[in-house]
Structure formats: C-alpha cells, structure tokens
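Structure, as structure tokens:
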Amino acid sequence: MEEKKILFSAIQPSGILTIGNYLGALRNFKKLQSDYQSIFSLADLHTLTVKQEPANLRKNTYELTALYLACGIDPNESILFAQSHVSAHTELAWILNTICYPGELSRMTQFKDKSKKHEDNINMGLMDYPVLMAADILLYQTELVPIGADQKQHLELARDLAIRFNNRYGETFKVPEGYIGKNGARVMSLTEPEKKMSKSDANENGFISMNDDKDTIIRKFKRAVTDSDNKIVFDESKPGISNLLTIYSACKDITIEQAEKEFEGKMYGEFKLKVGEAVADIVEPIRLEKERLLANKDYIDEVLKNGAERAERIAYKTVNKVYKKVGLVPRKWN
Ligand code: TRP
C-alpha cells in the first residue's frame, strides 16, 4: 500500500474557540483526516508567548483535547498530542533559530500586532513564535498544513527555512504546502461585521463560542447587526448580511448563491433565526460530546500519551537526521 502523505496542524489551547475557528479549522481537519496521515497538535508552548494563568492553561488544554475529539478527530487514525509532550519540537526550533534572521521575525504581521496588544510583555518567545511553528511542521516531513489565512506568513517562513536548511546541509526537509479552507475561512463579528470574529472581543454578542448553548446562540444571532435595506444578498456594502450568509452556507455546506436563493424575499428576522438554528445544530452536539469526554480525564490523558508516543517516533527521526547533518556528534548510547 502506498504510504499516505503527512498532514500537520495545531491549535493553541488559549481559551474557548469560536464558530469561526470551527468552520475555518476543526471542520476541515475532520474532512481531511483520512486522506492523509494526520497529525494534530495542541500548541501549548506557543500559548506561553502571552501571559497565561497556569491553572487556566491546564484546563484549556484538556478542553481543547476534548473538543478535537468531539469534532470527530479519531485518536487512533490520526495522531493527537500536546506539543510540550514531545521535546523534539523545541530541539528543532533551536537548530532552525540558527538559520533564521531577526529581521524575518520582527517584520511578521502577527508579531507586530501582538506587540501592540501586549506592550508590557514583548518577550523573545513572541518573536520566535514562527520558528517554533516551523519546527512543528518540518519535524514530521509534512506535506499539507491546514491553516487560517492569518497564518500564511508563518507558513511561508517554514517553507523558507526548509529550503534554506536543505540548501546549506543537503536534502533534509519536505517543503510543506498550506491549505486554507475556502468555506467559512473568514467569519466576522456579529456586532461589528467589519472585524474578524474573535473570542477576545469584549462584547460577548460579537462571537459564538463552541461552549454556547442553543438559546444563547439564537439570542446572539437575533441581535446580529444587519442594515436597513431588506435584501438578503452578499454584497460588500452589506457586511452584516454577507457575514450571516457566509456562516449559513458554511454550516449547511452550500454555496452563497444557494443560500441567497433560499432566503429570497424573506425578512431579516426569519433569516437570522434560521442562521442561528443552523449554527446551533452544529455546536450543540459537539458541546455535549465535549462535556461527556471531559468528565473522564483519564481517558483524555491516555489519548495524549498515546499521541505523544506516536508523534515522538516520527519526530526523533527528523531530529537525529538534522543533528547529524549540522555536525553534532551522535549519541553512542541510549
Ligand atoms: N500558530 C497557529 C495558530 O495560532 C497554531 C500553530 C502552531 C500551528 N503550530 C502550528 C498551525 C503548526 C499549523 C501548523 O493558528
């Protein structure tokens, strides 16, 4: 049998995820998982680049593991693990640091944005974030990396570092391709539809969290910002309605045009209710399954252990190869 290509992606356990994260990431992971040897990680070390309450980080890590599982990631078919459990990630990041230049990192859009947002904590990890991410990807000889549009620049760096290393030391890394899901890749705020939907939005009505129950979801959609004309069409001048159409068509797996057709001549009130129901139909079963899984921490620990052991076997092949290529004396003992 031909070996499957490797797919790698990761999410930070930095708090609740929104329906935007689900439609843009988790749902694609599930769709892609069996076409590839899929490896999904919890980027817990990345999370430390902004201040975390230790107890929250731990809780969020369990939550996100349960969410991955509830969204249909199969821990036997795919490899699901926490980044900090496989030390090869930080080891490769160190080597990649030696071929990466500060200018490449200081001009990253996300570094600049986060530096503004966390002015009191512009740490080296925040700047080095993309190098650790490159290590995550390159360790597994990954071919496909599903990412949000905001991670494109980071993926580009991973590709550059792979090519640079290969040129300097000989063929070592596969050069990965990014995959940006077309549907639902950009879900906007419900209250300010010009802005991306974000869980850190001070106004809770702006986002739908994967923890919201059905009533909350319906209520938030009822309050969603629209406009004063009464046409349900996708148009730049109608960011609110366009966003609702995007969300609806993503949830129902139909095109925007099909969604427009379905709501032709309908009132905004009815439309918003239908969008809310479509979202709740997806979120509610996932939330309940996640709660069920979280009640059994031992099971989650077992999944993470099993995932880390499998990830480690692949990752250390790459680290050993890299250490040898750069001239480090190999360990002659175990
Ligand atoms: N930086 C990514 C994000 O916040 C998460 C991430 C970490 C990642 N390592 C990765 C994504 C490797 C893809 C591949 O979305």
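The values are calculated or read from the model by the stated rules, or taken from the named source; none is laboratory data. Just so you know, these numbers come straight off a predicted model, no measurement behind them. For neighbour counting, all protein chains shown are included, and Cβ atoms are generated from backbone atoms with ideal geometry for every residue, glycine included.
Here's the yes/no breakdown for (1) crowded, with 19+ Cβ neighbours inside 10 Å; (2) within 16 Å of the ligand (Cβ to nearest atom); (3) β-branched (Val, Ile, Thr):
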{"residue": "Ile6", "(1), (2), (3)": "yes, yes, yes"}
{"residue": "Arg27", "(1), (2), (3)": "yes, yes, no"}
{"residue": "Asn56", "(1), (2), (3)": "no, no, no"}
{"residue": "Thr61", "(1), (2), (3)": "yes, yes, yes"}
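Going by the conditions given, is Ala259 surrounded by 17 or more Cβ atoms within 10 Å (Cβ to Cβ) and within 28 Å of the chain's Cα centre (by Cα)? Yes: the conditions hold for Ala259.
Screening Thr246 with (1) in contact (Cβ under 8 Å) with a residue 24 or more places away in the chain; (2) under 26 Å from Glu284 (Cα atoms); (3) in a loop (DSSP other than H, G, I, E, B) gives one miss only, at (3). Scanning the range 8-22 for residues that are near the ligand (Cβ under 10 Å from one of its atoms) and not in a loop (DSSP other than H, G, I, E, B) turns up Phe8, Ser9, Ala10, Ile11, Asn21.
Note on the range 221-256: residues that are surrounded by 14 or more Cβ atoms within 10 Å (Cβ to Cβ), of a type in the set (D, E, K, R) and farther than 17 Å from Pro193 by Cβ amount to 1.
Being modelled with pLDDT of 95 or more, aromatic (Phe, Trp, Tyr) and in a loop (DSSP other than H, G, I, E, B) holds for only one residue in Phe234, Phe221, and it is Phe234. Each residue in the range 36-50 was checked for being more than 9 Å from the ligand (Cβ to nearest atom), touching a helix residue (DSSP H, G or I) at 6+ places or on another chain (Cβ under 6 Å) and part of a loop (DSSP other than H, G, I, E, B), and 1 pass. Counting only residues that are acidic (Asp, Glu) and more than 22 Å from Ile314 (Cα to Cα), which one in the range 126-159 is nearest to the ligand (Cβ to nearest atom)? In this case the residue turns out to be Asp150. Residues in the range 125-151 that are assigned to a helix (DSSP H, G or I), modelled with pLDDT under 95 and in contact with a strand residue (DSSP E or B) (Cβ under 9 Å, 6 or more places away or on another chain): 2 in all. Within the range 158-182, which residues are under 18 Å from the mean Cα position of the chain (by Cα) and surrounded by fewer than 20 Cβ atoms within 10 Å (Cβ to Cβ)? Listed by number, the residues that qualify are Glu177, Gly178, Tyr179, Ile180, Gly181, Lys182.
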